[in-house]
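Quick notes on the structure that follows.
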Amino acid sequence: MRYQSQMVAKPYFIFALILLVGEILFGIAMGIQYLYGDFLFPAIPFNVLRMVHINLLIVLLLFGFMGATYYLIPEESERELWSPLLAKITFWVFAAAGVATILGYLFVPYSTLAEITFNELWPTMGREFLEQPTITKIGIVLVVLSYILNTTMTVLKGRKTVISTILLTGLFGLAFFFLFAFYVPDNLVMDKFFWWFVVHLWVEATWELILGALLAFVLIKTTGVDREHIDKWLYLIIAMTLISGLAGTGHHFFFIGTPGYWLWIGSIASAAEPIPFFLMILFAYNMAKNRRIQHDNKMALTWAKGTAVVGFLGAGVWGFMHTLAPVNFYTHGTQLTAAHGHLSFFGAYVMICFTLISYAMPILRGRLHGNGPKAQKVERISFWLMVIGMIGLTLALTVAGVIQIVLQRLPSSSEALSFMETQAEISMVYGIRLAFGLMVFAGLLTYFYSFFVKEEKVAA
């Protein structure tokens with residue numbers, strides 16, 4: 001570890017992994033409720049499980065990004081972090097606010113939660129993915145601003161690189177677009193229009209810049225390829241991300257009451273959205289092929305390549321599957337959407353967090369050359385358990401979505417099955433989905449086990 005302040009990344013990584021445990025467990029509970037509707041009811045109804053499941057995902061990714069940034073930026077800037085103390089305070093404030101909010105979801109009726117957090121003074125609650133109380137949203141803004149301040153000051157006082165510049169651009173975009181969470185128009189169409197300015201432009205624009213910067217950093221460290229070569233690839237990927245991602249917001253405006261020209265803009269722009277993810281595959285494998293060093297931490301490179309491939313499958317292939325307006329007319333809101341969401345979030349964002357944790361955590365624990373062969377072997381098993389489990393879960397949801405479309409969406413109104421009748425027809429597929437979800441969780445537990453594997457001592 002070149003800079004002592006990089007140690008502040010460690011609690012962020014650990015807490016992100018703890019939140020991932022909770023996120024998957026709540027997802028498994030939802031999978032059980034799909035099969036047995038009264039499971040945990042009325043203690044934790046399905047809508048609360050779903051709310052916690054998704055909010056945990058968002059928060060754990062933010063913790064992962066923050067930890068990765070605090071590890072990466074000192075090395076990129078060639079100086080200590082501007083304020084390690086601010087990073088530590090930010091961690092505890094964000095962790096406390098996040099835990100309190102999740103406990104509020106679980107133990108306080110949502111209407112009561114809105115009342116006791118003074119939502120009537122500035123109403124922002126009640127919208128999907130943005131269910132957080134207004135005071136929590138304000139807390140998120142303060143946390144992100146302190147995060148950006150710390151990162152920006154470190155970069156300004158040190159070396160400037162393409163990686164740090166792109167990372168900062170993503171962070172400023174993350175902060176700016178979250179401000180739309182505070183704007184809730186009375187008109188439902190306008191509400192949905194600006195709601196996507198947070199949900200889409202985080203996930204399919206600014207977060208992708210962060211992803212590209214983090215991926216490039218790990219590839220430089222594990223392959224030894226010239227920075228100039230990686231920078232050229234990074235510029236191309238980010239340019240395509242911004243061009244397709246910004247205009248691609250239009251694929252959410254198809255059927256919410258917006259003008260018809262969004263059918264064309266959304267379809268054409270969204271058709272280009274798989275391109276940056278495909279470029280990431282070429283990027284990762286090209287760097288691995290032209291490597292100049294054989295880094296001891298082989299699993300960090302495996303996670304990096306896995307991020308590119310699974311991210312392309314989830315965001316690119318499964319995204320394109322139902323992004324064109326004539327197709328989306330039938331697929332919107334079906335389990336096909338859930339299939340795309342699960343694989344894209346896991347491939348693009350959860351796996352890049354694993355990439356940074358796999359690379360940085362051994363160093364933070366004093367293992368300068370990475371984990372030993374035995375630990376990496378266990379980690380490789382965990383990698384494949386999680387990847388195969390998530391792909392299997394995605395395929396199950398895809399089958400469920402296709403059946404849902406055939407039985408409920410395609411037939412005429414007189415012949416189409418009702419929603420609940422359709423759900424009954426695909427219950428067996430939900431069972432398969434649950435089994436693969438359990439495999440993902442087993443993979444995560446195996447990953448934790450790899451932290452404690454002891455290497456055999458080599459005789460002198």
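Quick rundown of the values:
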| read-out | value |
| --- | --- |
| One residue from V93, V59 being touching a Gly at 6+ places or on another chain (Cβ under 6 Å) and not aromatic (F, W, Y) | V59 |
| Subset of the range 248-268 [assigned to a helix (DSSP H, G or I) and open to solvent by 40 Å² or more (accessible area, probe 1.4 Å)] | Y261, W262, L263, W264, I265, I268 |
| Near pairs, Cβ below 9 angstrom, 6+ apart or cross-chain, from the range 30-44 (closer than 18 Å to I432 by Cβ and among the aromatic types (F, W, Y)) to any residue that is open to solvent by 60 Å² or more (accessible area, probe 1.4 Å) and not in a loop (DSSP other than H, G, I, E, B) | Y34/F46 |
| Residue check for L214: closer than 24 Å to W92 by Cβ and within 16 Å of the chain's Cα centre (by Cα) | yes |
| Close pairs from the range 239-261: first of a type in the set (G, A, S), partner assigned to a helix (DSSP H, G or I) and open to solvent by 30 Å² or more (accessible area, probe 1.4 Å), Cβ under 7 Å, at least 6 apart | S244/I275; G245/E204; A247/I265; G248/E204; G250/W262; G250/I265; G257/V189 |
| Residues of the range 375-432 satisfying the condition of being of a type outside the set (A, V, I, L, M), farther than 30 Å from L444 by Cα, over 27 Å from the mean Cα position of the chain (by Cα) and part of a helix (DSSP H, G or I) | Q408, R409, F419, E421, T422, E425 |
| From L86, L61, L130, L72, residue being touching a helix residue (DSSP H, G or I) at 6+ places or on another chain (Cβ under 7 Å), at pLDDT below 95 and of a type in the set (A, V, I, L, M) | L130 |
| Residues of the range 269-293 satisfying the condition of being open to solvent by 40 Å² or more (accessible area, probe 1.4 Å), under 26 Å from I220 (Cβ atoms) and part of a helix (DSSP H, G or I) | I275, F278, L282, Y285, N286, K289 |
| Residue check for V198: closer than 28 Å to F253 by Cα, among the β-branched types (V, I, T) and open to solvent by less than 20 Å² (accessible area, probe 1.4 Å) | yes |
| Boolean, N55 is polar (S, T, N, Q), open to solvent by 20 Å² or more (accessible area, probe 1.4 Å), under 25 Å from the mean Cα position of the chain (by Cα) and closer than 21 Å to Y105 by Cα | no |
| Single residue of A315, A304, A360 found to be under 14 Å from the mean Cα position of the chain (by Cα), surrounded by 19 or more Cβ atoms within 10 Å (Cβ to Cβ), touching a residue at least 60 places away in the same chain (Cβ under 8 Å) and part of a helix (DSSP H, G or I) | A315 |
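The values are calculated or read from the model by the stated rules, or taken from the named source; none is laboratory data. Only a predicted model underlies this, so the values are computations on that prediction, with no experimental measurement involved. Neighbour counts are summed over all protein chains in view; Cβ atoms, including those assigned to glycine, are modelled from backbone coordinates with ideal geometry. Areas reflect the complete protein model, heavy atoms only, side chains present, ligands, DNA and RNA absent. Shrake-Rupley method; radii C 1.70, N 1.55, O 1.52, S 1.80 Å.
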